[in-house]
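Notes to accompany the following structure.
Throughout, read-outs are computed from the coordinates displayed, never taken from laboratory work. From a predicted model like this one, the values you see are computed outputs, not experimental measurements. Here the Cβ is made from the backbone with ideal geometry for all residues, glycine too, and neighbour counts use every protein chain on show.
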Amino acid sequence: MNVTLRDKFFGCIAGCHIGSAMGAQVEGMYWQDIEKQFGFVEDYTSYEHYGNGWKREPGTTEDGVERQRLMITAIMEKQGRVTAEDVRAAWIDHANPNAGGWVSEPFEGTLLAMAKSGIPARDLGKYCDYAGLNSFSRACHAIGLINAGNVETAKEDILEVGQLYQTSNSRGLKWACVTGVAIAAATMPNATVDSVIGAIYDNCDKDLVVSEIDEQLKKTASVKDIRELRQYYDGVYSGKGIPYPFSYANEVVTKGITIFKMVNGNTKDAVLSGVNMGRDTDCVAAVAAGISGALTGGSSLPEKWITQLDYATSINPYTNSKRTLQENADAVYNAFCSRLKKEHEFYTRMSALL
């Protein structure tokens, strides 16, 4: 199947947002409880978060997507790669002031308040208590896309922009590099599941990141479906009793990569596998389906999922942006085309002197 670059951008964004919305309804539940209450989840349902009584429309996304929407806005305004300062400016100009406690985590309100103080954007992550979480690794898809085909600059920008949320040498950012590098690699011509994983191995932290991913890919190589995979992972990741126990980046990203491999990059299958995994379902689905979509596009995603998510976004009073899935994807795609045009013009101009 011939997948255009625009298709890949849409698949990545749609996979992430749909996985987030469908996974949010069972977030934090063990897979045994998901199965008992829902069976095998295959569609959206209404749900509540934060104990505030707001019954969300099926297809409503959550805090990770709100984080990503502001990155997309920054890229759209910059028409190219962005820095931490660019994204901080988007926070200040476009963050919904009513989002706190409704679609954003409490710590994000603190970061936003500090962002308005004028301290350097790259210092903000120093004041977040959760350096090992997947705050950035589950939301940084647009940073990978604006660096489509260039894993080196994708990694640079992940480590730059990610300092809004986590410290520069944190585990969280090292794991976020996996998401960004994988998406940049997946958008390359003739990319495959194996070439994407190879790019992770070649460009991410060998001791901390690659060793864990490699171990789990080997141990799950014969696993055929999510029911078997989630049973296996019960014996690997079982943190509890601490803040955000399900959401450490190594667990979420490793699960996302093993799902990506297991479903051979099929975006719909990656969504459903992440959603039915248990624990941090929305984030696992966002990683697995976002990378899968960057490789194979969004053609496997049911139209009803896309339409319902766009509707839920349109009536969400707390979101940072009411752009549709296609509008979000095209915002980053058009910025990438603008970047490519500028770089081509620069090359043409300077190559005359070679």
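First select every other residue whose beta carbon is under 12 angstrom from the beta carbon of V287; then total the charges, Lys and Arg +1, Asp and Glu -1.
-1
Specify whether the C-alpha gyration tensor of the range 175-265 places it in the rounded, prolate or oblate class, a ≥ b ≥ c being the square roots of the eigenvalues: rounded for a/c under 1.5, otherwise prolate if a/b is larger than b/c and oblate if not.
Oblate, because a/c is 1.5 or more while a/b does not exceed b/c.
Below 8 Å, C-alpha to C-alpha, sequence gap of six or more: please give me the relative contact order for the range 86-173 in percent.
32 percent.
Under 1.5 on a/c is rounded, so check that first for the range 1-129, then, if it is not, pick prolate when a/b is larger than b/c and oblate when it is not; a ≥ b ≥ c are the square roots of the alpha carbon gyration tensor eigenvalues.
oblate
Length gain on complete extension for the stretch D207 to E48, per 0.36 nm per residue less the alpha carbon to alpha carbon distance?
53.3 nm
Helix-derived [θ] at 222 nm for the chain: sum -39500 (n - 2.57) over DSSP H runs of at least 4, divide by residue count, nearest 500?
Computed ellipticity for the chain at 222 nm equals -18500 deg cm²/dmol.
Using Cα springs under 10 Å in a Gaussian network model of the chain, which residue among C16, C337, C177 shows the largest mean-square fluctuation?
Of C16, C337, C177, the Gaussian network model singles out C337 as fluctuating most.
What is the sum of charges around G265, taking Lys and Arg as +1, Asp and Glu as -1, for the other residues whose C-beta is under 14 Å from the C-beta of G265?
Taking every Cβ under 14 Å from that of G265, the sum is 0.
Kirkwood hydrodynamic radius, the chain, all distinct C-alpha pairs: what's the number in Å?
19.8 Å
Would you mind working out the magnitude of the charge dipole of the chain relative to its Cα centre, with +1 at each Lys and Arg C-beta and -1 at each Asp and Glu C-beta, to the nearest 20 Debye?
It works out to roughly 340 debye.
Remind me, what semi-axes does the range 252-354 give for its equivalent ellipsoid, largest first in whole Å, using sqrt of 5 times each Cα gyration tensor eigenvalue?
32, 20, 12
Binned at 10 Å from 0, what are the whole-percent values of the Cα-Cα distance distribution for the range 120-276, short to long?
Taking every Cα pair in the range 120-276, the percentages come to 11, 40, 36, 11, 1.
What does the net charge come to around F10 if you take all other residues with beta carbon closer than 13 Å to its beta carbon, with K and R at +1 and D and E at -1?
Spelling it out: positives minus negatives among the neighbours equals -2.
At 0.36 nm per residue, minus the direct Cα-Cα distance, what do Q37 and M350 gain on full extension? Give it in nm, one decimal, please.
Full-extension gain reported as 106.4 nm.
Report the relative contact order of the chain, percent, no decimals, based on alpha-carbon pairs under 8 angstrom and at least 6 residues apart.
31 percent
Springs between alpha-carbon atoms under 10 Å, Gaussian network over the chain: tell me which of F40, F136, F336 tops the mean-square fluctuations.
F40
List every residue whose amide H lies under 5 Å from the amide H of W54, counting only residues 5 or more places away in sequence or on a different chain, with H placed 1.01 Å from N in the peptide plane.
H49
Show me the helices of the chain, taken as full DSSP H stretches, that run 20 Å or more along their long axis by Cα and average -1.0 or above in Kyte-Doolittle hydropathy.
Counting only whole DSSP H runs, the qualifying helices are 5-24, 63-78, 171-186, 281-296, 325-351.
Which of D280, D310, D202 ends up with the largest GNM mean-square fluctuation for the chain, with Cα atoms connected below 10 Å?
Highest fluctuation of the listed residues: D202.
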